[in-house]
Structures are given as structure tokens and as C-alpha cells.
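The values are calculated or read from the model by the stated rules, or taken from the named source; none is laboratory data. What you are looking at is a predicted structure, and each value in this text was computed from that prediction instead of being measured. Every residue, glycine as well, gets a Cβ built from its backbone with ideal geometry; the counts of neighbours run over all protein chains shown. These accessible areas exclude ligands, DNA and RNA; they are computed on the full protein's heavy atoms, side chains included. Shrake-Rupley method; radii C 1.70, N 1.55, O 1.52, S 1.80 Å.
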Amino acid sequence: MLVLTLVACSAKDEGVQQPVPEAPQAEAPDTASAEAPPAKASNGPVSTNTVRDVVPEGPAGTVQLTNGSTMELTELIKLGDYYLYISGKLNGRSSTVVSLTRFRDLQKWSSIVFKDPRTFVVTNKKGKEWSFEDAALYLGTDKPGMYAFKTLNTRYDVVPVEIPKNEIAIITFK
């Protein structure tokens with residue numbers, strides 16, 4: 001009986017298994033290198049479900065800089081499939097990953113308030129707060145020290161801009 005059980009269990013383990021992606025590693029504080037946001041898997045299973053991402057007309061929000069000036073956040077630049085990618089300690093607990101692929105999910109957020117480039121608080125429209133510490137936030141670019149989005153220039157043309165992370169105080173969403 002024991003031999004039959006072992007044979008049955010060993011046959012079960014020999015099936016084809018999908019590789020499990022590695023969990024993102026936390027960034028070391030004050031370093032120039034950062035973890036890369038997730039890349040598309042070329043050999044993994046592909047979903048047949050398509051999600052229609054409806055982006056409303058008009059500005060997406062505003063960006064307040066540390067010097068007090070504000071910029072209109074006209075449009076977000078997608079980083080692969082993601083509008084936004086966060087990896088870090090949520091509410092002082094274990095490592096958490098948040099990756100938003102639909103604009104309507106981002107519209108549920110009210111703001112991101114930065115204490116420093118690696119510590120920030122996300123507030124949703126209902127007032128709930130998520131505090132991230134020792135975190136990496138990627139917005140519009142995979143450069144570790146920058147955020148990128150589109151805004152209006154002085155001639156009212158929509159242009160992409162890159163702003164250093166340490167110059168942004170608050171990002172609000174409409």
C-alpha cells in the first residue's frame with residue numbers, strides 16, 4: 001500500500017509546472033540602482049480575457065513640487081502594462097506590490113503624498129490611507145530617480161516631462 005501511494009504521488013509531481021516569478025527585491029536606501037519594474041513574460045501563459053481601459057477626457061490630476069509650484073498632470077505614461085508600480089513595506093509590515101493596469105483603478109485614489117522619495121502615503125477617495133516605507137514607486141519611467149508624465153507646455157501642447165522624485169511633494173488624481 002505504501003509503495004502504491006509513493007508511486008501515485010511521484011507521478012503527480014512529474015506534471016508540467018509553470019515557472020513561478022520571483023518576488024521583487026527591495027531597493028537599498030540611497031542607492032542609484034533600483035529594482036526594475038516587472039517585464040512581460042514571453043513564454044508564460046497568456047490570458048484570453050481583454051480588459052477595456054477607458055481613459056476619460058481631460059486632465060488626470062495635478063503634481064505639486066517641493067518648491068510650491070504645480071503642474072497639470074494631463075496624461076499618464078504607461079510603463080509596459082502598468083500606469084503605476086509600487087513595491088515596498090505597506091503600513092510597516094511585509095513587502096507588498098501594487099501594480100495598476102487600469103485607469104479606473106487609479107481614479108479611486110485621491111493622492112500620493114511624499115515624505116521622501118522612498119516614503120509616501122496613498123489616500124483613496126473614501127479617505128483610507130496606505131503608508132509605504134522603504135518603497136519604490138515607478139510612474140511613467142523605469143529610471144530609479146525620476147517620474148514621468150505628460151503635461152501642457154507654455155504653448156498648450158501636451159508634452160512628456162521627467163521630474164526628479166525628490167522634487168515632487170504631492171500627486172493628486174481627479
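Loop-only chymotrypsin sites (Phe, Trp or Tyr not before Pro) in region 106-167, please: DSSP not H, G, I, E or B, and at most 13 other Cβ atoms within 10 Å.
TYR156
Sorting LYS174, LYS126, LYS78, LYS150 by accessible area (1.4 Å probe), largest first, what list results? Can you show the working numbers first?
Numbers: LYS174 125, LYS126 195, LYS78 90, LYS150 60 Å².
Descending order: LYS126, LYS174, LYS78, LYS150.
For GLY80, list long-range residues whose amide hydrogen, built 1.01 Å from N in the peptide plane, is under 5 Å from its own amide hydrogen.
HN-HN under 5 Å from GLY80: empty list.
Can you run phi through the Karplus equation (6.51, -1.76, 1.60; θ = phi - 60°) for region 122-129 and list ³J(HN,Hα) in whole Hz, with x for Gly and Pro?
9, 10, 8, 5, 8, x, 6, 10
Can you tell me the relative contact order of region 75-165? Whole percent, Cα pairs under 8 Å, sequence separation 6 or more.
Values: 180 pairs, mean separation 25.5, N = 91.
Dividing the mean separation by the residue count of region 75-165 yields 28 percent.
Could you put VAL54, VAL122 in order of accessible surface area, largest first, with the 1.4 Å probe and the full protein assembly present?
VAL54, VAL122
Going Cα to Cα from LYS150, which lysines come in below 29 Å? Please leave out same-chain ones fewer than 8 positions away.
The reachable lysines, counting only those whose Cα sits under 29 Å from LYS150, are LYS40, LYS78, LYS89, LYS108, LYS115, LYS125, LYS126, LYS128, LYS165, LYS174.
For region 85-174, what are the per-bin percents of Cα-Cα distances with bins 10 Å wide, up to the bin holding the maximum?
Per 10 Å bin, starting at zero, the Cα-Cα P(r) for region 85-174 comes out as 16, 47, 30, 5, 1 percent.
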